[in-house]
Amino acid sequence: MLVFLYGLSLYAEMPRYWETIAVSALLLTLFGAGCVRLVPALSSTAMGEEEEHLRREGDRTFRRCGTRELFKLFLLVLVVRLLEFPLTYIVHFRLFGYSGTFFEIQRLWLDFYHAETAFPLYGYLSDAFWLVSFNFNHARFIGSYFFTALAVVSLYYLVQLDFDRRIARRSVRYFLLMPFSLVLMATVPDGLFLLFSILCLLFIRKKLFPLANLFAMLAVLTHALGLLLFFPIVLAYISFLIGNIRSNREMGKGYILKQIGNTISFLLIPLGVGLVLLYAKLKFGDPAALYRVALGAPGVGLSDLFCFTDAAFDQTLIVGGHSAAILCGTYLTEFLYLLFGAAMLLLACGTIPTSYAFLMAVTLPMIVALGRTADSARIITMTAPFVITLAVRIKHRWVDAIVTLLLAAGWVAYFFAFIAGHTGGIG
């Protein structure tokens, strides 16, 4: 079916450049192979069978992760992010000479909040930091800074629950070195969404479905991607129920009442959608305004499901009206992130919980089907299972060292490109 849809997209609009066909064919191959591996895993998980990653739990120790450990990590992330301040000024001075004071240059991180396209929760929560800064732009910056640090702490806690501290530390290191993660310090809702999505996955892991749905609802109020969290929650809940039936668990009155509460909690996600529609209606007079901007793409239809022929994707480094620096900072980055995402999906089954892999599988086609290839780096950065898969699959120290060096080099290159204005900004 994927091959048929891809052929249909080529027939509908043949790319101008052969490089586009080569990259899209590779991406489709990786994604299709990932789906082939995912389908049986989804089936077995939905039937309540034990997942492969859980069978390895006996190979590690279970020392409790305490508040002090998490607080130290929180402070460490804040310190690491603080280093971006002087680095921003040094790089900007090196590229352009003196063009403003230290604090004036930091406005590079403060111009990405667009009230007319932003979902409501980030604006309201970040505005609370006005009590600290007495400036709404600075408040949103502080909010992004704070939410990102909490998200990284949550990522660490989630991974050490499923695996161990070594993999959890590696996940945090890889995430902070992912090139696009540096923009989480800007006034964007990405850090807050990442926090809510990780907490949602955390409570899926703990089988606390009302809390998982609550944080999914908060994610829906923060970003359109929150809708995709419905899929892993439903999969985990079906697996939970069938697993109870297969194990002949006694289902008394208390159990039935609890499951009724769990089932009702799934209404929280559509409630979040309704609140977004109400907010848009009151603010813009059009209830679909925010979703139209976030999800709408002119001319997108079924034939575009795996269409890589839109203007944003059909670019190369050797042709087009842009400089090589712009093409490397934008299109090449998006290509690499898409290929990375598809490769991680291929490796995810049996490596991480199937519900996490399911989230990855519905995220990738959403990027392409909605014409959001230009946002692929941002969306994949906001979807934690991609980096978790990478961290789990790395087995040897020398491979870990090579991956760390490659990510660090990519981070530095993207940082320079961002300061120089070669990344196209943050939408």
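For Arg169 and Phe136 in one chain, what is 0.36 nm times their gap in residues minus the Cα-Cα distance, to one decimal in nm?
Contour length minus the Cα-Cα distance gives 8.5 nm.
Please compute the modelled spin-label separation between Leu277 and Cys65, points set 7 Å along Cα→Cβ, answer in nm with one decimal.
3.7 nm
When only alpha-carbon atoms count, how far does the chain stretch along each of its three principal axes, as whole angstroms with the largest first?
Computed over the Cα atoms, the extents are 72, 57, 56 Å.
Membrane-span-like helices in the chain: DSSP H runs reaching 27 Å or more (Cα, own axis), mean Kyte hydropathy at least -0.5?
18-46, 136-162, 397-420
Please report, as a whole percent, how much of the solvent-accessible surface of the chain comes from carbon and sulfur atoms (probe radius 1.4 Å).
The computed percentage sits at 70.
If Lys and Arg each add +1 and Asp and Glu each add -1, what is the summed charge of the other residues whose beta carbon sits under 10 Å from the beta carbon of Met382?
Values: positive: Arg378; negative: Asp190, Asp375.
Neighbour charge sum, excluding Met382 itself: -1.
What is the Cα convex hull volume of the range 59-130 when expressed per residue in Å³?
212 Å³
Roughly how many nanometres apart are two label points built 7 Å out from the Cα toward the Cβ at Thr29 and Leu405?
Here the modelled spin labels are 2.8 nm apart.
At a Förster distance of 51 Å, what's the computed FRET efficiency of Met251 paired with Leu82, Cβ-Cβ distance as r, to 0.05? Write out the running numbers ahead of the final one.
Numbers: r = 53 Å, r/R0 = 1.03.
E between Met251 and Leu82, to the nearest 0.05, is 0.45.
Just to be sure I understand: with springs between alpha-carbon atoms less than 10 Å apart, which residue in Phe147, Phe93, Phe266 has the highest mean-square fluctuation in the Gaussian network model of the chain?
For the chain, modelled as a Gaussian network with Cα springs under 10 Å, the answer is Phe93.
Would you mind computing the Rg to Rh ratio of the range 346-425 from its alpha-carbon coordinates, Kirkwood style for Rh? Let's see the in-between values first.
Numbers: Rg = 14.8 Å, Rh = 14.4 Å.
On the Cα set of the range 346-425, Rg over Rh gives 1.03.
Can you give the extra length, in nm with one decimal, that the chain gains between Glu104 and Tyr11 once fully stretched, where that is 0.36 nm per residue apart less the Cα-Cα distance? List each step's numbers first, then the result.
Values: separation 93, 0.36 × 93 = 33.48 nm, distance 5.04 nm.
Once the chain is fully extended between Glu104 and Tyr11, it gains 28.4 nm.
From Cα pairs below 8 angstrom and at least 6 apart in sequence, can you work out the relative contact order of the chain, rounded to a whole percent?
Working: 551 pairs, mean separation 110.6, N = 427.
Result for the chain is 26 percent.
Check Cys349: other-chain or 5+ apart residues with amide H under 5 Å from its amide H, H built from backbone geometry?
none
Give me Rg/Rg_expected for the range 172-264, where Rg uses Cα atoms only and Rg_expected = 2.2 N^0.38 Å with N residues. Intermediate values should be presented prior to the final figure.
Details: Rg = 16.5 Å, N = 93, 2.2 N^0.38 = 12.3 Å.
Rg over 2.2 N^0.38 Å, computed on Cα atoms: 1.34.
Amide H to amide H, which residues 5 or more places from Phe112 or on other chains are under 5 Å from it, using H placed in the peptide plane?
Here the answer is Thr187, since their amide H atoms fall under 5 Å of that of Phe112.
Mind giving me the nanometre distance, one decimal, between the label points for Asn244 and His114, set 7 Å out from Cα along Cα→Cβ?
Roughly 4.5 nm, to one decimal.
When the distances between all Cα atoms of the range 1-153 are binned every 10 Å from zero, what whole-number percent does each bin get?
Spelled out per bin, shortest first, that is 8, 18, 17, 24, 26, 7, 0.
The values are calculated or read from the model by the stated rules, or taken from the named source; none is laboratory data. All figures in this text were calculated on a predicted structure; none of them were measured in a lab. As a convention, Cβ positions derive from the backbone with ideal geometry for all residues, glycine included, and neighbour counts pool all protein chains shown. To get the accessible areas, we keep the full protein, side chains included, count just its heavy atoms, and leave off ligands, DNA and RNA. Shrake-Rupley method; radii C 1.70, N 1.55, O 1.52, S 1.80 Å.
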